[in-house]
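Quick note: the coordinates plus some simple rules give every number you see, no bench work behind them. All figures in this text were calculated on a predicted structure; none of them were measured in a lab. Please note: Cβ atoms are built from the backbone with ideal geometry, for glycine as well, and neighbour counts cover all protein chains shown.
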Amino acid sequence: MAMTRTQRIKAYILENVPEICTERARIYTEECLRFPAQPTVIGRARAFYRFLSEMTLYIGPDDLLLGNTASKPLAASLFPEYAVNWIQEELDTFGARPRQRFFVSEGKKKEISNICRQWDGKTHFDRVDYTLKDTLGDILMSSDGTHRNINQAMSIEHNQNGDGHIIPDYESLLLTGFNSVLVHAKTKLMALDENDAEYLDQRAFLKAVILCLEGAEKYAERLSCLAKETAGKETDANRRAELLELSRICHKISTQKPDTFYEALQLVLMVHLLIQIESNGHSISLGRMDSYLYPFYQHDLQNGILDDARAQQLYECFLLKCFEANKLRDWGTTEILGGNQLFQTITLGGQTEDGETAVNPLSYLFLKALGNTNMNIPTVVVSIGKKTPLEFIEASLKALVAHGGGMPAFFNDDVAVDMLTRIGIDLKDARNWGSMGCSEVRVPGKHGTGVTPVYINLLKLLELTLYNGWNPSTGKTFCLATRRVEECTSVDQIIALFQEQIDYYLPFIPKIERAIAESYFTLTPTPFLSALTDYRIDMAKDVSWGRGPNYNDTIIHVHGIPNVANTLSALNELVFRKKQYTLKQIVQAIKVDFEGQKNNAIRKALLNCPKFGNDIDDVDNLCRSVYEIIPRKMKAFLPLRGGQFGCTSQTVVMNVIDGEVIGATPDGRKSGEAIADNLSPVPGTDRNGITAVFNSVSKVDHALMDNGSILNIKFHPSAFSSDEKIVKIAHAVRIYFQKGGFQAQFNVIGRETLLSAQQHPEQYRHLVVKVAGFSAFYTELERRWQDQLIARTEY
Amino acid sequence: MDDGPGIRTTVFLKGCNQVCPWCHNPESISPLPQLFYAQNLCVKCGKCIASCPEKAISLENGRCVTDSFRCNFCRTCIEVCPVNCRRVIGAEMSVRQVMETVMKDESYYRESRGGVTFSGGEPTLQADFLFDLLRCSKEEGLHTAIETNGNSDWSVYDKLLPYLDLVLIDLKHADDAIHRDVIGVSNHTVLKTLKELSGRVETEVRVPVIPQFNDTEKQLQDIVDIVGGLCFSTIRFLPYHTFGISKYNGLGMQYEYPVQQSLPIESLVKLVGALDTDRLTVSIGN
């Protein structure tokens, strides 16, 4: 059978050996470092403009959409302005990695080395590190010299990447086109008050915005010329016509607003890629594509110039274009992520400003496209509310089966709106939310970029509590408990001591956020992204400055909540209720990792206590209380960027690493074992069926953590084997959401397949699985993560 | 998700009056609580052997074998086991306890038009208990179903009927001699139950298709003819599978059915496709 266009494009992309492209790094180094006295923002805009004018552009043989971030498909650019230490360290190993290899020629190695040397001591990483050392002093710890933490209770962001974590305002851009943004910036520049103390800063910013927009225009024009040139050499008449059409579209959108679905899609893609060129921040997301593209789709249908098959084909090309953009990370991060994810998230479904369902025919088409492309990137999620038709949930579940790799994920629209309105966001804005990254909830265009300063290891904090503040693995006591834990006579007293530890560590967070946010604003402003974020041109301030009328949200990760609930519940049960063991005995037992017969008996008793995920009120209520601790306490602090510290219980993929620094804990967990992933029950402890898991998880007040939570569920494929069964799961999802659950994502894959893939990875190269908020190729995951997936309970 | 329409909770009542050698829920055959032993977890530390007051446990061929005649369920071995490889299957529960558990998922039943299914074992063996459970379920407004082998006296079913929305009943073989020979009891009672049920309550007849027992076209056709001859509209064929074998080991039982390969669903589709099912609605697999 002949391959479809989608299959051909996929094959064409995957043929490429990922390599490192130095074009960007070279130009940015020259433009930013050549004339250090110029305003930083101007240097960055110049670099952006010059790169877009000079970079290699290409068109794949079957491409229906144009744009690229580096010189070849799957090639990755370097962003030396953020960090170079890890590039220098790993330069010789990029091509020798066991997975996610990047080819670098010897000549390029020299060039990269030279570039890194020029940036040494001048990067974002260096500045953050300076400030952290200055403001935190001895509190700052590190196991390897770069990855910093505070007594292992909090890990600090690595600071090797850009700001990111944003959904730009595509809806407005599609209505007005580039030219009107440019006119806006120019008008604002002329209207600046020269007597304002900030005049020169504002002027530099706006000039940078203008330069960036002109660079974008240039990029589109160059794509248009390339398409025309390629058409001239093309012998196939159909392909020639396609290329000429692309040339026309790229020329048009370089300044004007789009009128058709095709033009709109090309504009969105181009802008999305340009933002990834300006900065390599994670999670630059696409928002609600089915909603903002719908008017164009309708326009085309009415004019008879588009049919569903064509719209779906174009969208499949779009998804593959997102996949084509690649990213280079340090090996440690790459290894646990199982790939080079950019975390580009697309949201489908949801509601309109008036609270009606926004599901439209495009939503269904886009779901179908997902099943046809079967890639792990980009991430697609569906937003399901009270008014979402059941039919759409069913279509989403069918897309999940067709995709086979955990997409789409399911989000509760009503809870998301509740999250945002509770922090004072306007209802209409809240209803327009889109999913950003893994589970964060953002208003496109109105939310600024988001820093993720720290990952709180909550189970580690509980471990410190049990040792009266002492950390057995570092030997350090930062916060000596005011009374000994053995004296506690109720679980509430233990929680009080736990809070004491938390209260000691939390005030470091604003210090860390300040260091990071200050550096982004000072060293790596993003004027192009700012132009696509509401209010920034009017304020004449970069988006990384935060504040202003924008909503600002700094993301605080809280890891290990289910383990903490299980631990407290087990202590409550055995020590205070049954009085079977004393706290002292249990602490003795965890100290020696439950070695010895007596301690093993204690471990068994602990394991047999009620666990989160089984619809048992005692432990679920504890989980509910634990969930609330950090978000409530974080309200007392204010980020440098304004807005708030918004929490999330998502663990990304850190639950394995987090577990490695925690000794045995009274939930029965042995020393070093992984902690629960996200808000999912600890693997293997959920034994009362999927409804019990849903019931337990929906007991927490999800709206308190506006950066969301994730629940991973693993289904055996037989659970989806008929339409009738899919309807049942759709109902279950609906009830889970009615009860207040926020998110669920499903891997539909048998344990036997995962085991077989471990043994015969060569036969499963394309097996995609949902890991945390994203999907990855299973065989490219590190072994620890593969095992984690196998351990999840199967329904 | 199986065992009837919508999302359901299935309550398994232990004890059965047919002994099918391929049974995939061997733990449900005996009416008593049973000791389950997960050999793959066992570290052979010998603690259970040493601690058993009845001296019922011994190490044989690398597994701790429990003599079920000596064992009196004192649970000492479970408590001393360091790796949790021993547990008891089955628990005595009151009607209220069962209903409390069932009602936890009430909203799921309402949304999906699901409910509760009482299965086994053979639930009708605990007729009074089942009657109370069904009555309480109906009082809660739940959709109710039982999964039965049909091998109880009609008077038992008759009493349950007012509280039943759906009966899932097995018909395993049309030939009484083979039925007796393999399952140990005659199929007469089953056939009588089918006849009586016919037209009185929504019923789904289920046929587990077992290689070397009832998997010829003739054998299956005979079953279909019986079902088609009564006022039933649906029949479901379930493929033989061997997922239950590991449970036999854990219970210290022998899996004696000679077929070690599951019946692929495609083969079953082919088998059933050859049958004359006339006006019956046919489903295959769960």
Can you give the extra length, in nm with one decimal, that the chain gains between B:Lys218 and B:Cys74 once fully stretched, where that is 0.36 nm per residue apart less the Cα-Cα distance? 46.8 nm
Gaussian network model of chain B, Cα springs within a sub-10 Å range: biggest mean-square fluctuation belongs to which of B:Gly250, B:Gly184, B:Gly273? B:Gly273
How about the range B:188-286: which GluC sites (Glu not before Pro) there are in a DSSP loop, with at most 11 other Cβ atoms within 10 Å of their Cβ? B:Glu256
Taking the Cα centroid of the range B:82-133 and of the range B:197-265, what is the distance between the two, rounded to the nearest whole Å? 24
Interchain or sequence-distant (5+) residues whose placed amide H lies within less than 5 Å of the amide H of B:Thr242 are B:Ser262
Output the pairs from A:Lys699/A:Lys739; A:Lys188/A:Lys252; B:Lys172/B:Lys192; B:Lys172/B:Lys195 with a Cα-Cα distance over 18 Å in this structure; if there are none, say none. A:Lys188/A:Lys252
Given R₀ = 41 Å, FRET efficiency for A:Ser756-B:Val282 by Cβ-Cβ distance, to 0.05? 0.80
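Based on the Cβ-Cβ distance of A:Ile305 and A:Asp196, what FRET efficiency does E = 1/(1 + (r/R0)^6) give at R0 = 51 Å, to the nearest 0.05?
Computed FRET efficiency for A:Ile305 and A:Asp196 comes out at 0.55.
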In the range A:49-64, whose amide N lies under 20 Å from the spot 7 Å out along Cα-to-Cβ of A:Arg34? List them in ranges. A:49-56
Among the lysines, which fall within straight-line cross-link reach of A:Lys476, defined as a Cα-Cα distance under 20 Å, with same-chain neighbours fewer than 8 residues apart omitted? A:Lys133, A:Lys460, A:Lys591
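Could you work out the local net charge near A:Gln588, counting Lys and Arg as +1, Asp and Glu as -1, over the other residues with Cβ closer than 13 Å to its Cβ?
+1
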Share of Cα-Cα pairs in the protein assembly as shown beyond 41 Å, whole percent, is 48
How high is the relative contact order of chain A? Use alpha-carbon pairs under 8 Å, at least six apart in sequence, and give a whole percent. 14
Where labels lie 7 Å past Cα in the beta-carbon direction, separation of A:Asn16 and A:Ser113 in nm: 2.7
Quick note, the range A:19-139: a/c under 1.5 would make it rounded; otherwise a/b > b/c is prolate and the rest oblate (a ≥ b ≥ c, C-alpha gyration tensor); here it is oblate
Hey, got the dipole for the protein assembly as shown? About the Cα centre, +1 on K and R Cβ, -1 on D and E Cβ, debye to the nearest 20? 1740
With labels modelled as points extended 7 Å from the Cα through the Cβ direction, what inter-label distance (nm, one decimal) is found for A:Trp331 paired with A:Asp120? 2.1
Taking a straight Cα-to-Cα line shorter than 19 Å from A:Lys10, and setting aside same-chain lysines fewer than 8 residues away, one finds A:Lys72, A:Lys321, A:Lys327, A:Lys368
Length-normalised contact order of the range A:366-489, Cα under 8 Å, at least 6 apart, in percent, tallies to 16
By a straight-distance test (C-alpha under 15 Å), which aspartates and glutamates pair with A:Lys604 as possible cross-link partners, with residues fewer than eight away in the same chain excluded? A:Glu573, A:Asp593, A:Glu595, A:Asp667, B:Glu79
For A:Val768, list long-range residues whose amide hydrogen, built 1.01 Å from N in the peptide plane, is under 5 Å from its own amide hydrogen. A:Tyr778
Between beta-carbons, use under 13 Å as the cut-off and find the net charge around A:Leu192, counting Lys and Arg +1, Asp and Glu -1. -1
Tally Lys and Arg at +1 and Asp and Glu at -1 over the other residues with C-beta under 13 Å from the C-beta of A:Leu529: what net charge comes out? -2
Estimated FRET transfer efficiency (A:Leu607, B:Ile265; beta-carbon r; R0 41 Å; 0.05): 0.65
